[in-house]
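All remarks here apply to the structure that follows.
Every number in this text was worked out from the coordinates using simple rules, so none of it is lab data. In this text, all values refer to a predicted model and were calculated from it rather than measured experimentally. Cβ coordinates were reconstructed from backbone atoms using ideal geometry, including for glycine residues, and neighbour counts include every protein chain displayed.
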Amino acid sequence: MAVTGLEITTRETVLGGRGFGAAGAYEKCAGIIRFAVDPADPLHRGITDLDLAPRSARGLVECWADFYLLQPLDPARGNGRLLLDVPNRGRKVALGMFNSAVRVPDPSAPEDFGNGFLMRHGWTVAWCGWQPDVPRQDGLMALGAPRAAGAGGRLRCQWRPNARTDVLPLADRYHIPYPSADLHDPEAVLTVREHADAPAAVVPRSAWGFRRREQYRLVTDASHIHLGGGFEPGKIYDLVYRSQDPAVVGLGLLALRDAAAYLRGAGAAAGNPCAGRIERAYGFGVSQSGRFLRHLLHLGLNEDEAGGQVFDAVIPHVAGARRGEFNMRFGQPSLNATESVGSLFPFTDDEATDPVTGERDGLLLRLRARGKVPRIFTINTSAEYWRGDASLIHTDVEGGREVEPPAEVRIYLLAGTQHTPGTLPPPPADPNTGGRGLHAFNVVDYAPLLRAALVNLDRWVSASVEPPPSAFPRLADGTAVAGESTRATFAAIPGLRFPDRIARPARLDFGVSFAEGVVTELPPKAGAPFRTFVCAVDGDGNEMAGIIPVELRVPLGTFTGWNPRHPSQGAPGDLMSMMGSTLPFARTAAERAASGDPRPSIGERYASRDDYLRRVREAAEALVAARHALAEDVEAMVERAGQQWDLFHQGLTTQPA
């Protein structure tokens with residue numbers, strides 16, 4: 001048994017019945033979806049602490065999740081495709097990525113649907129909560145999971161504040177913390193590092209405690225930490241402490257799997273609003289939720305309890321080579337620390353061996369054994385390569401040879417892009433964290449490339465049309481290089497600061513019980529680092545491999561996937577998380593000469609704005625011919641290029657306001 005019921009609390013037509021092209025009007029359904037899983041099923045043996053969860057009278061483990069669905073009002077006008085968008089920290093992301101819409105919890109206004117791409121093409125889009133630590137507020141989607149009563153253990157919280165504060169929650173941002181089991185735990189340890197590679201110094205136990213502020217006074221609180229003198233911006237703080245009665249985090253993997261299986265296969269009698277509509281099901285995840293999909297694949301969970309394949313295809317987007325704390329005791333699914341279980345071997349799809357540890361595994365090993373491997377588009381930006389891990393999906397861990405993706409997989413780098421699509425003008429700070437960069441953020445909009453990828457993937461699954469070949473930096477042609485080798489090119493650009501440190505993941509040991517999902521070694525013992533690469537750059541500092549967007553084909557500047565931290569927020573030699581840089585060319589030859597910029601100016605490259613836009617159109621049409629863009633996006637790409645030309649000529653500064 002899997003889905004036991006869907007309680008729909010809202011079902012209504014969106015936008016008053018306004019149509020989306022040939023697909024017509026859409027409806028939304030929202031409510032609660034309920035699950036019951038069999039802990040004795042062999043597929044579930046790897047779910048940590050499932051055996052400790054309370055069971056129903058039928059011996060099943062029950063949970064529930066928030067549910068949301070958008071589908072064509074007229075079933076005959078849909079395309080028969082389900083896109084299950086894995087919420088990122090409880091937030092819907094697909095409309096932002098594919099429709100270029102502003103992300104909102106309950107899309108209800110025309111602007112909430114952006115350019116309407118998914119709707120115009122008739123997609124059914126669904127969301128299901130999977131994180132038990134997401135609060136049910138502001139439209140966030142959560143999972144109601146049982147607890148492993150009596151289980152205890154140690155966990156780690158990590159913070160890097162961008163502003164001074166003296167109290168922090170024991171969680172990532174707005175998430176629900178695991179409270180300390182002992183307010184006076186003498187074994188709890190807080191450490192601090194000046195920057196990413198600095199040694200950790202222990203903060204005296206007398207300097208901090210489990211407390212929070214209540215107006216002007218401090219009160220004890222097992223879910224917060226207070227540090228006398230405050231946490232300093234830019235420094236990295238790690239707290240290791242004990243908690244108890246954790247939620248069974250791994251149920252989130254089963255909930256997503258079973259929700260997809262229900263929507264694609266259950267009948268109307270089971271309350272399925274998609275009954276008879278769905279021919280194909282695709283999973284889509286971005287960043288954290290992309291890592292979630294990689295974890296689901298690694299555990300072999302693309303199969304329901306009845307033995308049916310769940311997803312025909314998946315897109316783990318901007319996940320790099322990582323997974324996450326999605327199936328462990330005291331797992332923190334939103335933890336973004338690099339020294340975490342998400343950075344563990346294996347990285348490649350096919351089976352590989354780590355010659356240092358002797359470990360042998362592959363991301364798709366379990367699925368291949370059961371014949372349930374979906375088609376996969378693994379898509380990354382420059383940011384995941386400069387984060388230090390993305391190249392591990394296509395090179396061996398020693399960095400000595402290429403590892404070609406298997407036949408079911410395509411790997412793409414979106415060259416010169418940051419973690420999320422850039423905007424014009426770039427914001428002064430990261431909207432998610434408030435982090436500021438030394439340089440203006442990357443403005444390259446890769447959404448047109450992502451839309452084309454979805455179309456290519458669907459044609460591959462539904463019509464056996466082979467998609468474009470993988471496109472990523474390669475050792476064989478010299479486009480996969482050590483990040484340090486690009487220093488001279490970047491350092492020649494006026495005002496640019498090359499990072500003091502380039503991160504690379506290392507082998508980590510979390511203790512003897514980690515195979516059962518229980519961490520006993522914190523912080524983990526760090527071993528030899530893996531050898532990783534970034535993409536080679538041309539004389540302008542723009543990347544040379546992968547799928548090249550129009551902004552790099554007809555450039556007005558240098559676009560990177562990395563950006564140094566702003567000095568006002570500490571540790572300026574370290575890179576920001578996820579954000580890239582825009583470094584405009586000088587407008588004229590005279591400006592270039594005055595600044596000493598080795599890159600030819602805009603005026604030396606293009607005779608006029610019209611000349612520039614003509615070349616952009618040619619570049620966009622070349623992308624369409626290569627099937628990396630859609631014909632419907634050409635005019636929008638040209639229009640945006642004109643906006644970029646105007647903005648750069650007004651003087652885009654490299655220092656945010």
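Model label points for Ala270 and Asp500, set 7 angstrom from Cα along the Cα-to-Cβ axis, are 5.7 nm apart.
Debye-formula intensities of the chain, expressed as log10 I(q)/I(0) at q = 0.05, 0.07, 0.08, 0.12 Å⁻¹, are -0.22, -0.45, -0.59, -1.39 (one equal scatterer per alpha-carbon, no solvent). In the stretch 317-473, inverting the average of 1/r over every pair of distinct C-alpha atoms gives 17.4 Å as the Kirkwood radius. Computed from backbone phi, the HN-Hα couplings of the stretch 466-480 come to 4, x, x, x, 4, 9, 7, x, 10, 5, 4, 9, x, 8, 9 Hz, rounded to whole numbers (Karplus: 6.51 cos²θ - 1.76 cosθ + 1.60, θ = phi - 60°; Gly and Pro given as x).
Summary value for the chain: 11 percent relative contact order, contacts being C-alpha pairs under 8 angstrom separated by 6+ residues.
Protection proxy ranking of 504-515, 389-400, by the mean of other Cβ atoms within 10 Å over each peptide's residues and highest first, is 389-400, 504-515. Taking label positions 7 Å along the Cα-Cβ direction at both Asp106 and Thr220, the computed distance is 4.1 nm, reported to one decimal.
Note on Phe292, Phe231: ascending count of other Cβ atoms within 10 Å places them as Phe231, Phe292, the fewest first. Ranked by the mean number of other Cβ atoms within 10 Å of their residues, highest first, the peptides 181-189, 97-105 fall in the order 97-105, 181-189. Counting other Cβ atoms within 10 Å as a rough exposure proxy, the listed residues Cys157, Cys535 run Cys157, Cys535 from fewest neighbours to most. Note on Arg120 and Glu516: with the Förster distance fixed at 45 Å, the Cβ-Cβ geometry gives a FRET efficiency of about 0.40.
Most tightly packed first, judged by the mean number of other beta-carbon atoms within 10 Å of their residues, the peptides 324-333, 546-555 read 324-333, 546-555. Just so you know, the Rg over Rh for the stretch 152-244 is 0.93, from Cα atoms, with Rh as the Kirkwood radius.
Between Ser206 and Thr423, the modelled label-to-label distance comes to 4.8 nm, taking each label 7 Å out from Cα in the direction of the beta carbon. Legend: ranking of residues Thr4, Thr423, Thr558 from fewest to most surrounding C-beta atoms inside 10 Å; resulting order Thr423, Thr4, Thr558. Straight-line cross-link partners of Lys92 among the aspartates and glutamates, defined as a Cα under 14 Å from its Cα and at least 8 positions apart when in the same chain: Asp66, Asp106, Asp112, Asp138.
Ratio of alpha-carbon Rg to the 2.2 N^0.38 Å globular estimate for the stretch 425-491, to two decimals, please. For the stretch 425-491, the normalised Cα radius of gyration is 1.65.
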